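Here's the structure, in structure tokens; my notes come after.
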Amino acid sequence: MIPTTFAGLAVLVVALLPGFVFVSLRDRQGPSRTRAAFRETSVVLAVSAASYVIPAVGLALVAVTNADARAQLEAFLREPVAAWQDRPLLVFAVVVLAIVLAAAVAGVGALISRHDSRHDPTASAWWNVFSANDKGDAAVRRVSVHLTDGTLIVGNLNSFSREVAEHGDRELVLQHPMWVQPEGAEDLIEMQAAATLISARNIKFISVELFNEGAEPDQEPESDEETAP
């Protein structure tokens with residue numbers, strides 16, 4: 001049931017916040033997958049409920065060991081509106097602390113559960129090739145893209161689609177320095193653009209070279225004619 005008041009909506013957002021934090025951090029560095037709505041909703045609900053257990057247990061321990069805190073907690077549970085009117089700053093501080101603690105628990109859980117997605121057998125070929133990194137996270141990727149019309153484009157990788165589904169709407173972006181060799185040409189021509197975007201539907205195949213940051217070659221790469229067997 002969807003809340004129809006601002007207060008109800010605020011309560012719903014606060015209740016589900018840890019789950020949203022978990023999902024966001026879990027998917028931030030990994031391949032982009034389209035998951036079933038029911039499954040994602042179940043994850044958000046389960047993580048949110050589990051995350052609020054920690055602040056609830058902490059509050060219960062404080063109430064057990066402190067008679068004044070126990071009395072205030074009992075008063076809040078019996079008459080929350082009256083407790084808010086009586087001590088608004090205290091109630092606000094406790095609620096905010098519980099929300100922050102629950103979100104932190106969810107965030108830690110997401111970081112712990114996240115595996116090394118750079119070698120994920122369920123990810124796309126793009127992800128495994130562009131993320132596979134034997135020279136450290138600072139490696140520069142020199143990408144040679146052979147297009148379906150025979151054109152060769154060479155440049156440093158800027159970004160690429162993280163989607164697992166391999167379809168023609170995916171894109172990758174190369175950045176300066178870049179070179180292009182039209183079909184039938186013998187030499188590569190340096191491109192003056194800062195970056196170029198290439199659609200997967202126009203790509204025939206790709207090759208990748210890795211260089212350490214600052215150690216990538218300054219010279220122009222060899223043309224396709226010179227490297228062909």
Looking across the range 158-176 at residues that are assigned to a strand (DSSP E or B) and surrounded by fewer than 18 Cβ atoms within 10 Å (Cβ to Cβ), the single one that is nearest to the chain's Cα centre (by Cα) is 159
In the set 113, 42, the lone residue that is farther than 24 Å from residue 170 by Cα, loosely packed, with under 13 Cβ neighbours inside 10 Å and modelled with pLDDT under 75 is 113
(message) residue 93 - would you say it is outside any strand (DSSP E or B) and at pLDDT below 80?
(response) no
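The values are calculated or read from the model by the stated rules, or taken from the named source; none is laboratory data. Please read these numbers as outputs of a predicted model, since none were measured by experiment. No Cβ is skipped: glycine too gets one built from the backbone with ideal geometry, and neighbour counts run over all protein chains shown.
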